[in-house]
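Reviewing the structure listed below.
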Amino acid sequence: YDKDSNKIQYTTFAKFPPVRLLPNSERKRILVTGGAGFVGSHLVDRLMLLGHEVTVLDNFFTGSRTTVSHWVGHPNFEMVRHDVVEPFLIEVDQIYHLACPASPPHYQYNAVKTIKTSFMGTLNMLGLAKRTKARFLITSTSEVYGDPEEHPQREDYWGHVNCIGPRACYDEGKRVAETLTYGYQRQDGVDVRVARIFNTFGPRMNPYDGRVVSNFILQALKGEDMTVYGDGSQTRSFQYVHDLVDGLILLMNGPETRPVNIGNGHEFTILEFAEAVRDIVEEIQKEEGVANPKRVNIIHKELPTNDPQRRRPDTTRAKETLEWQPRWAVRQGVEEMVRYYQSQIAQGNI
Ligand code: NAD
Ligand code: UDP
Ligand code: UDP
């Protein structure tokens with residue numbers, strides 16, 4: 001921002017979008033672990049546009065180089081292939097620690113590795129934060145509440161988690177990651193932030209990662225049966241990824257050090273959500289001139305073990321301390337994502 005001309009200044013490098021030109025005192029060196037994943041890549045885009053220096057650290061287990069490849073070569077950007085389970089040395093001002101598979105089929109694929117990533121990966125990144133005095137933000141999850149007995153879920157609810165069930169590697173992994181985070185805060189004075197993220201969707205979600213939003217949209221687009229697990233009476237609340245990125249950046253740069261729920265309060269049963277996705281896809285196909293789009297069937301499959309029955313965030317804390325609330329309606333987000341997957345199908349990527 002140039003005070004004399006009263007304008008924001010940008011710097012442009014060939015082929016890259018213009019990024020803000022920040023004075024040295026405001027430009028931060030930011031590490032994003034898991035930055036090649038779905039949420040990470042959107043966060044990286046925003047931090048780059050804001051004018052920061054961003055280093056992505058990722059082992060490409062569920063992420064892909066292509067999600068951030070549009071920044072490769074930019075002087076403010078660096079991508080490092082590294083597994084957070086191993087120590088890592090770098091000098092930074094802020095750490096967004098996202099590295100961890102997030103979809104049930106992926107995190108259950110190698111449960112021991114998921115636990116190692118959550119525990120050892122978080123330990124290493126906290127050690128790094130302690131040494132560099134960087135501010136540390138971890139992306140925790142609504143899964144710390146397990147199959148909740150309180151509804152909606154507030155941050156002071158302790159949760160209801162089966163510590164030996166198939167989801168435990170992720171749920172307990174994140175719970176111990178939070179415990180470590182507050183341990184480093186108390187013992188070593190590390191400056192920490194904890195985001196408890198509720199179900200999030202949007203473009204660049206791995207189409208095959210098995211989560212419900214990508215499954216339903218792709219099934220509807222391809223004219224395949226939509227698979228509702230169980231009777232579909234379980235509920236979830238879905239937030240669009242741009243709202244989440246807003247929340248993460250506000251949390252990182254604000255004063256709140258307690259855990260903060262970040263999610264959309266609009267709760268659907270999974271069956272209602274399947275019907276809504278089917279309607280939206282049909283409407284888009286009609287707009288595009290398909291006279292009689294095929295009406296896909298909704299079929300039922302077995303409900304996974306320990307699948308939480310209800311989930312909706314109480315976001316009072318985010319509203320009060322971050323002045324944050326979701327701005328994207330679920331419908332708007334689904335429409336955007338349908339168009340994204342359509343373009344991916346047209347390009348032969350899916
Ligand atoms: P994702 O699977 O798309 O991204 C995770 C990224 O971490 C990938 O790029 C993956 O390659 C990387 N990674 C995994 N293990 C690693 C390791 N050992 N070392 C280095 N990199 C590793 O998932 P996402 O949806 O983008 O989730 C990002 C974060 O947000 C995760 O911490 C997740 O737990 C949290 N979260 C996401 C949601 C959601 O709905 N998307 C909800 C709650 C919490
Ligand atoms: N660590 C790291 N990068 C750093 C500093 C530490 O990866 O810049 C790792 C370190 O290898 C250790 C973990 O973070 O495994 C915890 O570090 P801490 O200093 O808290 O513990 P200690 O090394 O004393 O066990
Ligand atoms: N689900 C479903 N069909 C699918 C994928 C998921 O009915 O094809 C259900 C799943 O059982 C759960 C909900 O949708 O009740 C959300 O599942 P997801 O894996 O997206 O996230 P999570 O269970 O971690 O909230």
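The values are calculated or read from the model by the stated rules, or taken from the named source; none is laboratory data. Just so it is clear, the structure is predicted and the values come from calculations on it, not from any experiment. As a convention, Cβ positions derive from the backbone with ideal geometry for all residues, glycine included, and neighbour counts pool all protein chains shown.
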*Conditions: (1) in a strand (DSSP E or B); (2) at pLDDT below 95. F268 meets all but one. Number of the miss?*
(2)
*For the range 112-132, indicate whether the set of residues that are more than 17 Å from the chain's Cα centre (by Cα) and outside any helix (DSSP H, G or I) is non-empty.*
no
*In the range 66-94, the residues that are touching a residue at least 40 places away in the same chain (Cβ under 8 Å), out of contact with any Lys or Arg (no Cβ under 7 Å at 6 or more places or on another chain) and either among the polar types (S, T, N, Q) or closer than 17 Å to A177 by Cβ (or both)*: N76, V84, P87, F88
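From G183, G173, grab the single residue that is crowded, with 22+ Cβ neighbours inside 10 Å and in a helix (DSSP H, G or I).
G173
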*E155 passes all but one of (1) within 16 Å of ligand 2 (Cβ to nearest atom); (2) of a type in the set (D, E); (3) buried (at least 16 other Cβ atoms within 10 Å of the Cβ); which number fails?*
(1)
*Check off (1) out of contact with any Asp or Glu (no Cβ under 8 Å at 6 or more places or on another chain); (2) under 28 Å from Y240 (Cα atoms) for G40 and give me the number that stays unchecked.*
(1)
_Residues of the range 259-303 that turn out to be touching a Pro at 6+ places or on another chain (Cβ under 7 Å) and crowded, with 17+ Cβ neighbours inside 10 Å, as a count_ = 5
*Please go through the range 133-149 and pick out each residue that is part of a loop (DSSP other than H, G, I, E, B), in contact with an Asp or Glu (Cβ under 9 Å, 6 or more places away or on another chain) and away from ligand 2 (no atom under 16 Å from the Cβ).*
D147
_Residues within the range 214-229 that are assigned to a helix (DSSP H, G or I) and either aromatic (F, W, Y) or within 11 Å of ligand 3 (Cβ to nearest atom) (or both), tallied_ = 6
_So, in the range 176-210, how many residues would count as being small (G, A, S) and out of contact with any Ser or Thr (no Cβ under 8 Å at 6 or more places or on another chain)?_
3
*For the range 278-337, which residues satisfy the criterion of being of a type outside the set (G, A, S), touching a strand residue (DSSP E or B) at 6+ places or on another chain (Cβ under 6 Å) and in a helix (DSSP H, G or I)?*
R317
*Output for the range 230-258, where each listed residue is surrounded by fewer than 17 Cβ atoms within 10 Å (Cβ to Cβ) and either in a strand (DSSP E or B) or on the phi > 0 side of the Ramachandran plot (or both)*: G230
